[in-house]
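The values are calculated or read from the model by the stated rules, or taken from the named source; none is laboratory data. In this text, all values refer to a predicted model and were calculated from it rather than measured experimentally. Quick reminder, even Gly has a Cβ in these numbers, built from the backbone with ideal geometry, and neighbours come from all protein chains shown. These area figures cover heavy atoms from the full protein model, side chains too; ligands, DNA and RNA do not enter into them. Shrake-Rupley method; radii C 1.70, N 1.55, O 1.52, S 1.80 Å.
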Amino acid sequence: MSKQNSGLINRLLASLDDAELVSSRWLRAHGYSSSLVARYVASGWLESPARGVYMRKGGRLQWEGVVRTLQFGERLSLHVGGRFALAWQGYEHYLRLGEAATVTLYGPDRLPGWVPKLPLSEHFEAYRKKIFDFPVIRFSPEMSENLLLDQGLGWSKASSSVESVVCAMPERAMLELCDGPPEASLVYEADALMQGMTTLRPQRVGRLLRHCRSIKAKRLFLALAERHRHAWLSHVQMDDVDLGSGKRSLVPGGQLHPTYQITLPGDLDEHLG
């Protein structure tokens with residue numbers, strides 16, 4: 001191997017930890033030809049867990065490494081949010097059991113084609129609907145935590161072998177979940193989760209409500225918070241929060257919440273553990 005190629009592979013390996021991946025697109029953009037990458041694979045430096053993506057030979061394929069690659073390698077505006085973010089942050093005992101884990105990612109960008117082909121037990125789903133009117137940001141490892149917190153996001157670390165990734169804080173993740181399909185199962189799950197959300201930050205809740213574009217999500221979030229009589233709710237500044245007009249039906253034959261004018265299943269208490 002020439003000195004130039006030796007320097008290239010050394011720089012590449014130095015930039016990858018055991019769980020990170022690198023795409024063919026990134027490699028081409030940084031001067032690694034297809035033939036050179038094939039040589040690295042044949043020499044035992046790299047391996048390909050799925051077509052179009054590579055990692056260190058003997059590396060550990062983990063969902064956190066995939067997300068970090070998407071956020072910082074591919075520069076995609078996708079964060080861990082919704083149901084999976086809540087489970088990750090300690091609310092998993094309120095979620096439905098026995099399901100294969102689905103990593104829920106929120107943001108405007110599409111998942112690369114290699115993501116669903118990875119041999120992982122976890123699945124990935126991207127929700128591209130713009131729920132909040134915040135400007136799109138591209139993540140970087142040096143990004144200010146305050147910039148993330150302004151959008152209800154933060155750094156989260158789940159594994160000692162993978163650096164932190166960007167994840168929705170519980171306040172934002174709950175609103176993202178509440179924007180799901182208008183079905184009774186969504187309301188049962190959101191209600192069980194909201195029961196345990198005793199320590200949400202009212203200032204953050206208020207800011208997210210003002211920037212949330214989903215009337216349904218806001219009404220459901222607030223109706224469930226009121227139902228569980230959370231102390232923080234009375235401290236949320238509701239000025240300039242648009243809750244729309246008229247009634248909203250989530251479930252047929254449900255009970256209309258008197259304050260937030262949204263129908264909820266009448267048997268919510270029976271579904272709480």
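Loop-located trypsin sites (Lys or Arg not before Pro) in the range 186-247 (DSSP state other than H, G, I, E, B) with a sparse environment of at most 15 neighbouring Cβ atoms within 10 Å: R213, R229, K247.
Across the range 129-273, how many lysine pairs separated by 8 or more positions, or lying on different chains, have Cα atoms within less than 21 Å?
On the way: K129/K216; K129/K218; K130/K216; K130/K218; K216/K247; K218/K247.
Here the count comes out as 6.
Values of log10 I(q)/I(0) for the range 63-168 across q = 0.12, 0.21, 0.24 Å⁻¹ run -0.38, -1.24, -1.60, by the Debye formula with one identical scatterer at each alpha carbon and no solvent.
With the cut-off at 1.5 for a/c, could you classify the range 111-183 from its C-alpha gyration tensor as rounded, prolate or oblate?
Values: a/c = 1.63, a/b = 1.04, b/c = 1.56.
It comes out oblate by the Cα gyration axes.
Filter the chain for me: DSSP H helices, axial length by Cα at least 15 angstrom, mean Kyte-Doolittle hydropathy not below 0.0. List them by residue number.
Values: long enough: 3-15 (18 Å, -0.25); 184-195 (17 Å, 0.54); 215-227 (18 Å, 0.29).
Answer set is 184-195, 215-227.
Pairs of C-alpha atoms in the range 182-270 farther apart than 15 Å represent 57 percent of all such pairs.
Relative to the Cα centre, the charge distribution of the chain, modelled as +1 at Lys and Arg Cβ and -1 at Asp and Glu Cβ, gives a dipole magnitude of about 1020 debye.
Out of all DSSP beta bridges with both ends in the chain, state the antiparallel percent to the nearest 5.
Values: 14 of 21 bridges.
Among the beta bridges of the chain, antiparallel pairing accounts for roughly 65 percent.
Could you check how much of the accessible area of the chain is carbon and sulfur, as a whole percent, using a 1.4 Å probe? Of the solvent-accessible surface of the chain, carbon and sulfur hold 48 percent.
Expected output is a single nm value to one decimal: the length gained when fully extending between K130 and H228, i.e. 0.36 nm times separation in residues minus the C-alpha distance. What is it? Show your work: numbers first, answer last.
Working: separation 98, 0.36 × 98 = 35.28 nm, distance 2.81 nm.
Going from the current span to full extension adds 32.5 nm.
With an a/c value under 1.5 for the gyration tensor axes a ≥ b ≥ c computed over the alpha-carbon atoms, the range 1-56 is described as rounded.
Counting only protein heavy atoms and using a 1.4 Å probe, the accessible area of T104 comes to about 10 Å².
Could you tell me the relative contact order of the chain? Use alpha-carbon pairs under 8 Å, at least six residues apart, and round to a whole percent. Walk me through the numbers before you get to the answer.
Numbers: 415 pairs, mean separation 41.7, N = 273.
Dividing the mean separation by the residue count of the chain yields 15 percent.
Spin-label model, L36/N146: points 7 Å from Cα along the beta carbon direction are separated by 4.1 nm.
If I take every Cα pair under 8 Å that is 6 or more residues apart in the range 195-273, average their sequence separation and divide by the length, what percent do I get for the relative contact order?
30
Net charge near L177: determine it from the other residues with C-beta under 12 Å of the C-beta of L177, scoring Lys and Arg +1 and Asp and Glu -1. Mind dumping the intermediate values first?
Details: positive: R83, R172, K216; negative: E171, E176, D179, E189, D191.
Summing Lys and Arg as +1 and Asp and Glu as -1 gives -2.
For the range 116-273, the spread of Cα coordinates along the three principal axes comes to 47, 39, 27 Å, biggest extent given first. Of all DSSP beta bridges in the range 63-168, what percent run antiparallel (nearest 5)? Restricted to the range 63-168, the bridges split so that about 50 percent are antiparallel. If you take all other residues with their beta carbon under 13 Å from the beta carbon of G107, and give Lys and Arg +1 and Asp and Glu -1, the sum is +3.
In deg cm²/dmol and to the nearest 500, what is the mean residue ellipticity at 222 nm of the chain if only DSSP H runs of at least 4 residues count, each as -39500 (n - 2.57), divided by the residue total?
Working: 11 runs with 92 residues, N = 273.
Here the helix-only value at 222 nm equals -9000 deg cm²/dmol.
Every Cα-Cα pair in the chain was counted, and those over 23 Å apart are 57% of them.
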